[in-house]
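The values are calculated or read from the model by the stated rules, or taken from the named source; none is laboratory data. Bear in mind that the values here come from a model prediction, so they are computed numbers and not experimental data. FYI the Cβ positions are ideal-geometry reconstructions off the backbone, even for glycines, and counts take in every protein chain you see. In case anyone asks, the SASA skips ligands and DNA or RNA and just uses the protein heavy atoms, side chains included. Shrake-Rupley method; radii C 1.70, N 1.55, O 1.52, S 1.80 Å.
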Amino acid sequence: MKHLPLNLLIGGTLVGSIGCVMLIGSFWTPYDPLALNFAAKLAAPSLAHPFGTDEYGRDVLSRLMRGAAASARISLLTVLLATIFGVFLGALTGFLRGWFDRILMAVNDALMAFPGMLLALGLLAVFGANEKGIILALALAYMSSVIRIVRGTVLSIRELEYIQASRLMGNSEFFTMLRHVLPNCLAPITVMATSMLGWVLLAESSLSFLGLGVAPPAPTWGNMLAGSRAHIEQAMWLGIFPGLAISLTLLGVNLLGDALRDLLDPRLRKRS
């Protein structure tokens, strides 16, 4: 029996475990993550509060669970939007070419010249620093990478024999693109979307850390990390647990992305 790759086992376990926490945190937490309890403020980790409490007496574990749900919602919706529109535009430009390809790729190259975080900061000034604004800003910031990868894949496929055969059979360009081109782009799209999930999670946490994400008191891992700075000497657990949650999630997503690339890329499969 063939053993599963180590990166798939570790990455899948981490992502699956954190996914369960995110799902549970959407419906249930040990305490109300917004309830104030000044009698228990900055309490160290204990049986009652396994991850301690913050400066307002709120349970850190409950806030981490609810924050995981918020971070997951933002990350997944951002990746979904960026992938859908990026795949559509990338496939259209790569398959049809012509003036549309030249204009769109010129705009796309201009967007790619900006770092993703810098572009997201500029877009947030337009959309506003709220959850919907973050999703739209990050989706537009990372969509250009999807367009570039999908276009390159389509360009390598569009001249193959079975594409020419589909045209000779009288199939329309649109049908040929949907039936024969896009299914063969699935592997790079899957790997790209998985990698982007980690990028978006880190970007959302960074924006929240800078005070441009979801506004407190609603918890996200980024704004919890930002709030811990004022109490890092007397209550280090306020920064350790959100930072550890972000690190483990990124590790799991990256390992899972590597495993999917190894499984979906035929050249890498042959080497193994």
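With angles folded into 0 to 90 degrees, how steeply does helix 237-264 sit against the dominant principal axis of the chain? Use alpha carbons for both and round to 10. For 237-264 against the chain, the angle is about 20 degrees. Net charge in the neighbourhood of Gly57 (other residues with Cβ under 14 Å of its Cβ; Lys, Arg +1, Asp, Glu -1) is -1. Approximating the spin labels as points 7 Å out from Cα along Cα→Cβ, the Ala187-to-Phe127 distance works out to 3.2 nm.
Contact order for the chain, expressed relative to its length and based on alpha carbon pairs under 8 Å spaced 6+ residues apart, stands at 24 percent. When percent of Cα pairs over 36 Å apart is computed from the coordinates, the matching label among [x] 27; [y] 21; [z] 31 is [x]. Neighbours of His231, meaning other residues whose beta-carbon lies under 9 angstrom from its beta-carbon, give a summed charge of -2 when Lys and Arg score +1 and Asp and Glu score -1. Taking every C-alpha pair closer than 8 Å and separated by at least 6 residues, the mean separation divided by the residue count of the stretch 140-239 gives a relative contact order of 17 percent. The residues of the stretch 96-176 expose on average 56 square angstrom of accessible surface per residue, using a 1.4 Å probe on protein heavy atoms.
Rounded to 0.05, the FRET efficiency of the Leu160 and Ala48 pair, given R0 = 45 Å and the Cβ-Cβ distance, is 0.10. Extension gain for the segment Phe114 to Ile24, taken as residue separation times 0.36 nm less the Cα-Cα distance, is 28.7 nm to one decimal.
Taking the centroid of alpha carbons for each part, the stretch 218-244 and the stretch 49-115 are 23 Å apart.
If R0 equals 22 Å, the separation of the Cβ atoms of Leu36 and Leu210 corresponds to a calculated FRET efficiency of about 0.30. Between the stretch 185-208 and the stretch 120-143, the alpha-carbon centres lie 15 Å apart. If R0 equals 45 Å, the separation of the Cβ atoms of Ile232 and Arg102 corresponds to a calculated FRET efficiency of about 0.30.
Entry note, the chain: the mean residue ellipticity at 222 nm calculated from DSSP H runs of n ≥ 4, each adding -39500 (n - 2.57), is -23500 deg cm²/dmol after division by the residues and rounding to the nearest 500. What a 1.4 Å probe finds exposed on the stretch 129-217 is 68% carbon and sulfur by accessible area, rounded to a whole percent. When only Cα pairs below 8 angstrom with a gap of at least 6 residues are kept, the stretch 7-99 shows a relative contact order of 24 percent. Using DSSP loop states and a limit of at most 13 other Cβ atoms within 10 Å to flag GluC sites (Glu not before Pro), what is the longest stretch of the chain containing no flagged site? Longest site-free region, per DSSP loop and neighbour criteria: 1-158.
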